[in-house]
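The values are calculated or read from the model by the stated rules, or taken from the named source; none is laboratory data. The shown structure was predicted, so the numbers you read here are calculated from the model rather than taken from an experiment. Methodologically, a virtual Cβ is constructed for each residue, glycine included, from the backbone with ideal geometry; neighbour enumeration extends over all protein chains shown.
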Amino acid sequence: MTSADDKARLSVQGVTVRFGGNIALDDVTLAANPGCVTGLIGPNGAGKTTLFNVITGLLAPNAGIVTMNDRNMTKLGPTRRARLGLARTFQRLELFSLLSVRENIRVAADIRKGWSRDKDNPADAVEKIIDRIGLRDVADARVDSLPTGQCRLVELGRCLATKPQVLLLDEPASGQDETETAQFAVLLDELAAEGMAVVLVEHDVRLVMDVCHTVNVLDFGRIIAVGTPEQIQQDPAVLAAYLGSTTP
Amino acid sequence: MNSLELRGISAAYDRIDVLFNIDLVVPEGNVIALLGPNGAGKSTLLRVAAGLHGPASGDVLVAGRRVNGVPPEELARRGMCLIPEGRGIFPNLTVRENLRMMTFTGTKLSDVEERSFTRFPRLKERIGQTAGTLSGGEQQMLAMARGLATDPALLLLDELSMGLAPIIVEELYEIVAQVASEGVSILVVEQFASTVLGVADYAAILVQGRIVRAGQPHELAEDLSKAYLGA
Amino acid sequence: MDKFLTFTIVGLTLAAIYAIIASGLVLTYTTTGIFNFAHGAAGMLAAFTYWQFRFVWGWPTPLALVVVLLVFGPLFGVLLETVIMRGLEGTTDTVKLVVSISLLLFMIALAQLIWAPGISRPLPGFLAGNKPINLGATTITWHQAITIGVAIAVAIGLRLVLTRARIGIAMRAAVDDRSLTTLNGAKPNRVSMLAWAMGTSLAALGGILIAPGPGLEAASLSLLIVSAYAAAVFGRLRSLPLTFLGAIVIGLVEGYLAGYLPQNQYLTGMRIASPAIILFIVLLVLPNPRLRGRMTRSREYFPTPTLAGAIGFAITVVIGAVMLATTLSDPDLITYGRVFPIGIVALSLVPLVGFAGQISLCQLSFAGIGAIVMAHLGAGGDPIALVWAVLIAAAVGAVVALPALRLSGIYLALGTAAFAVILDRWLFNLPALSVFGLFDINLFAGGSVSVDAIELFGRRFDDPGTQMIISAVTFALVALLVIWIRRGRLGRRLLAMKDSEAACATLGLNLIWTKLSVFALSAGIAGLGGALYATQLTSIQPGNFELVQSLQLFAITVVGGIGAVGGALFAALSLYAFLPLLTTLWPSSVRWVGLLPGGAGIGLGRNPNGAVHDVREGFLPLLAARAVLAAMCVAVAGAYVLRLTNVIDNWAFVVLLIVFPVLATIAAGLSKPRAVEAAAGNDEENRDIPLEWRGIDRPWTKADLEQLDRYLGLNEMEFHDVR
């Protein structure tokens, strides 16, 4: 794969990031399509979160471009990108810990209301999202008091309140128990079915293999394989990346 | 005699519960490999063992003695050495100064340098260079030299292979094997599984904070791809 | 040419001193992560101590120097590290700042306690009696030569210690990776102690060298150090060579300004303010830091204020003010009348620091701007001037904020402090000046200006009682505004931004606008407070609006609870009612009363929720027991009537005012039916606190353990074999 699909909603082309002498991302190309969940997996330190930081504009790449709906966003700040329809969650939770679940989502909804021409009432939108992520029972609890699994859902809800076209999820299932992950998978399917482009970084391989349409494998800052979950599971390069060279 | 025993260790890290009731034993002179996908809690387990992170419950025993709450520098002085993930070196110090830091454990600088340079002659050529400017492999060698300089009885290695080319990883693991043959007990955490399985006496797979499988290396090989890729 | 050389030497001497002080600051900051605002004050104390030994007790110079630099300095540093600073690991920037600012205030007060201000204490430079050394074109005094020589020795010495000595290498190692040093068997606490010992000694050395110039005056000597801070910022608080370079740049600029700046009344202040101006500029050109997420998790808990509570608070404030206004004598009213205007200035900190987490150390400067506007535009008592005071202060706030937006934490604190110094030392002292003959700028007219009382509907509000009530009503209204903000969209947004700027940006929030608006809002509120303060003072001067007062107000508002309006009232009452009352009741306390604000900040600045939160918790049962509450109100009203009819005097009235609520609270606690108590107890237990605080904030309960098991999935989850 040499260039990203032209019709891709989000496309990353040739992104390289160096930290001092170390190459964190090396000529990474990746595409995410509407209606699809695109998986991004790879060993620790492979550069997954760094790639998310580049896509969202928190980190400027040394080379490469990021486009959304054919619009080059490489020079835009995170705020502008968010307003173009990009949203993300964080591996290390970045919740507004002083606020309740409802207020966390409300902040995001108000931000959208502030710049968009949406007619709808943010308060109503928030209630719908709370039901959707299934946190009605704890809607007034301060997020500080919630277990990690639910915090992940709050971050997702916050993203949904911005009505994103592209949703980047950084290890959303870590800290969730089995049931929560199962429900989460259903939710991801629904979001994709509604036409969102979802990029999923996750360690829970079963979840990745269940919900992703395409999986990208990142290793040492390079994409070493792209394919369907089945193809990835058989790919010798992937096995080598995870397990070491296959001949001990 | 067990160099290290972890009994019923549970731990949480930054609000995320990562370890659930882990039991693990490192018998004297053995190499134990702890494998697992990222996020499994491997590094946290090593940090608990080294006294850097307090367990929520469970006991850490070093040479049969309970050491919960003993500060890490005391453990270091008593022959435990952790080489943390991502290069256990001080990047703004020179190679010599990095080695000099080891003399806090009570070892003489001349001994530290002699041991290090015998094992890693390349470091001697770089002695005045700032550690951050070394290549990845050299940095990892320096980290290992630092660890071995005090002649530890127990070595904890965290992701030795991270960010390194496979050929350098093999080179490093040859040294690990050699160190093990000198009678040092080693607990090594790795994702880069097959290289370490060639060295280990015993291996365990950690997934989502639980040990899901343990056994001789050859018994585990086939389980690994399931653990990593769910195939 | 001679002149050039002469002032080069002057500049290099200053540079040498700044370099010595700044390197000590960098040493402590890099190894322990605490920016010590009191670093300069340590140098100040050392200079006074040296003077005491050398000139009062007549010790020989070498002995005095050795005792101060090699015994007192290191011991004091170790004391600071072990007693105060070590406990700050993992706290927020605001808390660290409050503690070190309080330390600064405490040390200034301590110096003034031991060495009463206002007495001339000449401190000659070293070998001042000897003839200057002739360098051909110019001469250099022995003190200058020694200073420059010492700085060079310090540079070489530091380099040797940090690269040759093992403990020095460990200090640098701790900067790289503190936890790794412990794996090496080094003791990081010992490294920190050494860094503080060395840092404090360097401050002492710098203090002794600089003091002969400006003279022994506690506050100005402590703040002179802003120049040294600017040098440290050159090195981004990390690099010693860049710090030395920065010191040279600043020293030379100051030296040449002294030599070549035209001697007129407009620019002399600029020379004094030049380090602050340089600091401000350096902060502006520093590379933009990357947006980061949360660094330390705060443990603060400011509940969302309820509407009823807000109105209750406002009414209580107004009633209290009316009672004071009708019972106190005019002189007392003038003394205690400052509470509410200053309270408004303190309120301006609540949205800015409490909600948005942006630190500002120049709120009284904004208040000063409001006061100036009031003095000039409010001549004749035009109340519209109040509106102008708000708008102009807000505009200035926005202008200051614009560059400050890219700063955060300690850099923002330094930037705003530099702004305050620029106003203090220069702009506020300017005489009237005319800009291109178009309009006149006449700030404090080079001294003081008088302010007319507000006049509305032909009535002049010039008696202190009415003024107090006006201020109190305004305070109550502003408090309601702040609470309204907290409960609304902007408040949520500010709290969100405080927690994670990265998350806010990726959700599409324009951080610049948000910060700009909160800065402008805050400066506007401070301007309003300043304008009312001005009408109360009737004559204002720059000294009413100095950095030290901003620092004090900031520290005590944090002690009270910066996240709630009660914290602002607490600060104003403590500083402008409690302290004067204490000195009235107990005149001898005037000597040590100045130690209290600093001491309070050091001791209480760590409570993330503030003192008001705890007081409020204590009064909660009273609010629930309606009957007791009503009885208390009646009793207070009765006492007020007795006072008005002169049956009791002021002291009795004050005692009753304190006794009644306390009695009522006790009564409320006793009268509470058991069932209610049980429910309340339960409430306390079920209060949502994060799991990891349990056992600290309150004992573990069985329910907690079950919850923990549930979180860990120990009940439901079976052992999952991958096969």
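Would it be correct to say that C:Val253 is under 22 Å from C:Leu405 (Cα atoms), aliphatic (A, V, I, L, M) and not assigned by TED's automatic domain parsing to the domain that holds C:Ala417? It is false that C:Val253 is under 22 Å from C:Leu405 (Cα atoms), aliphatic (A, V, I, L, M) and not assigned by TED's automatic domain parsing to the domain that holds C:Ala417.
Considering the conditions (1) more than 13 Å from chain C (Cβ to nearest Cβ); (2) under 27 Å from B:Pro37 (Cα atoms), A:Arg132 is excluded by exactly one of them, (2).
A count restricted to the range B:106-158 and to residues that are modelled with pLDDT under 85, farther than 13 Å from B:Val179 by Cα and either basic (Lys, Arg) or surrounded by fewer than 20 Cβ atoms within 10 Å (Cβ to Cβ) (or both) stands at 8. Filter the range C:308-351 down to residues that are free of Cβ contacts under 8 Å to residues at least 24 places away in the same chain and of a type in the set (A, V, I, L, M) and give me whichever is farthest from the other protein chains (Cβ to nearest Cβ). In this case the residue turns out to be C:Ile319. Using the structure shown, decide if C:Ala22 is within 22 Å of C:Ile359 (Cβ to Cβ), modelled with pLDDT under 95, surrounded by 20 or more Cβ atoms within 10 Å (Cβ to Cβ) and small (Gly, Ala, Ser). It is true that C:Ala22 is within 22 Å of C:Ile359 (Cβ to Cβ), modelled with pLDDT under 95, surrounded by 20 or more Cβ atoms within 10 Å (Cβ to Cβ) and small (Gly, Ala, Ser). Confirm whether C:Leu361 is crowded, with 24+ Cβ neighbours inside 10 Å, aliphatic (A, V, I, L, M), touching a residue at least 40 places away in the same chain (Cβ under 8 Å) and not in a helix (DSSP H, G or I). It is true that C:Leu361 is crowded, with 24+ Cβ neighbours inside 10 Å, aliphatic (A, V, I, L, M), touching a residue at least 40 places away in the same chain (Cβ under 8 Å) and not in a helix (DSSP H, G or I).
Pairs are defined by a Cβ separation below 7 Å, a sequence spacing of at least 6 or placement on different chains, a first member in the range C:85-108 that is at positive phi, and a second member that is surrounded by fewer than 20 Cβ atoms within 10 Å (Cβ to Cβ); the pairs so defined are C:Gly90/C:Thr296. Whenever a residue of the range B:196-218 is closer than 19 Å to B:Ser161 by Cα, its partners that are acidic (Asp, Glu) and part of a strand (DSSP E or B), lying with C-beta atoms within less than 6 angstrom and at least six residues away or across chains, give the pairs B:Val196/B:Glu190.
List the pairs whose first member sits in the range A:39-61 and is at the interface with another protein chain (Cβ under 10 Å from one of its Cβ atoms) and under 17 Å from A:Ala87 (Cα atoms), whose second member is assigned to a strand (DSSP E or B) and among the aromatic types (Phe, Trp, Tyr), and whose Cβ atoms are under 7 Å apart, counting only residues at least 6 apart or on separate chains? Listed pairs, sorted by first residue: none to list.
Within the range C:582-591, can one find any residue that is surrounded by fewer than 19 Cβ atoms within 10 Å (Cβ to Cβ) and touching a residue at least 60 places away in the same chain (Cβ under 8 Å)? Taking every residue of the range C:582-591 in turn, at least one turns out to be surrounded by fewer than 19 Cβ atoms within 10 Å (Cβ to Cβ) and touching a residue at least 60 places away in the same chain (Cβ under 8 Å). The residue pairs whose first member lies in the range C:114-129 and is touching a residue at least 60 places away in the same chain (Cβ under 8 Å), whose second member is surrounded by 14 or more Cβ atoms within 10 Å (Cβ to Cβ) and not aromatic (Phe, Trp, Tyr), and whose beta carbons are closer than 6 Å, counting only pairs six or more residues apart or on different chains, are C:Arg121/C:Leu216; C:Leu123/C:Ala211; C:Leu123/C:Pro212; C:Leu123/C:Leu216; C:Gly125/C:His143; C:Gly125/C:Pro212; C:Phe126/C:His143; C:Phe126/C:Ile146. Of all residues in the range B:79-106, those being more than 29 Å from B:Ala63 (Cβ to Cβ) and more than 7 Å from chain C (Cβ to nearest Cβ) number 3. Counting only helices (runs of 4 or more DSSP H) that sit wholly inside the range C:571-644, those with at least 3 residues that are β-branched (Val, Ile, Thr) and over 21 Å from C:Phe475 (Cβ atoms) are C:626-644. Listed by position, the helices (runs of 4 or more DSSP H) enclosed by the range B:156-231 that each have at least 2 residues that are within 11 Å of chain A (Cβ to nearest Cβ), small (Gly, Ala, Ser) and over 19 Å from B:Gly29 (Cβ atoms) are B:193-197, B:217-229.
Restricted to the range B:48-145, the set of helices (runs of 4 or more DSSP H) holding at least 2 residues that are closer than 28 Å to C:Val161 by Cα and in the same structural domain as B:Ser161 (by TED's automatic domain parsing) comprises B:72-77.
Per the listing C:Gly601, C:Gly563, the residue uniquely farther than 17 Å from C:Pro351 by Cα and surrounded by 24 or more Cβ atoms within 10 Å (Cβ to Cβ) is C:Gly601. Among the candidates B:Ala50, B:Ala76, the residue that is touching a Cys at 6+ places or on another chain (Cβ under 9 Å), surrounded by 22 or more Cβ atoms within 10 Å (Cβ to Cβ) and at the interface with chain C (Cβ under 10 Å from one of its Cβ atoms) is uniquely B:Ala50.
Across the range C:107-149, the qualifying residues are those that are over 35 Å from the mean Cα position of the chain (by Cα) and among the hydroxyl-bearing types (Ser, Thr, Tyr), and the one among them that is modelled with the lowest pLDDT is C:Thr138. From the set of residues in the range C:476-507 that are within 9 Å of another protein chain (Cβ to nearest Cβ) and either within 23 Å of the chain's Cα centre (by Cα) or in a loop (DSSP other than H, G, I, E, B) (or both), which is farthest from C:Leu528 (Cα to Cα)? If we take residues in the range C:476-507 being within 9 Å of another protein chain (Cβ to nearest Cβ) and either within 23 Å of the chain's Cα centre (by Cα) or in a loop (DSSP other than H, G, I, E, B) (or both), then C:Leu507 is farthest from C:Leu528 (Cα to Cα). Considering C:Val451, C:Val421, C:Val387, C:Val473, the condition of being over 26 Å from the mean Cα position of the chain (by Cα) and buried (at least 24 other Cβ atoms within 10 Å of the Cβ) is satisfied by C:Val451 alone.
Give me a count of the residues in the range C:629-651 that are of a type in the set (Asp, Glu) and more than 39 Å from the chain's Cα centre (by Cα).
Adding up the residues that qualify gives 0.
Out of all the residues in the range C:508-518, is one or more closer than 20 Å to C:Arg616 by Cα, in the same structural domain as C:Gly415 (by TED's automatic domain parsing) and not in a helix (DSSP H, G or I)? Looking through the range C:508-518, none of the residues is closer than 20 Å to C:Arg616 by Cα, in the same structural domain as C:Gly415 (by TED's automatic domain parsing) and not in a helix (DSSP H, G or I).
Taken over the range A:62-99, the residue count meeting the criterion of being in a strand (DSSP E or B) and within 9 Å of chain C (Cβ to nearest Cβ) is 3.
Only one of the listed residues (C:Ser192, C:Ser220, C:Ser227, C:Ser179) is under 27 Å from the mean Cα position of the chain (by Cα), within 14 Å of chain B (Cβ to nearest Cβ) and in a helix (DSSP H, G or I). That residue is C:Ser192.
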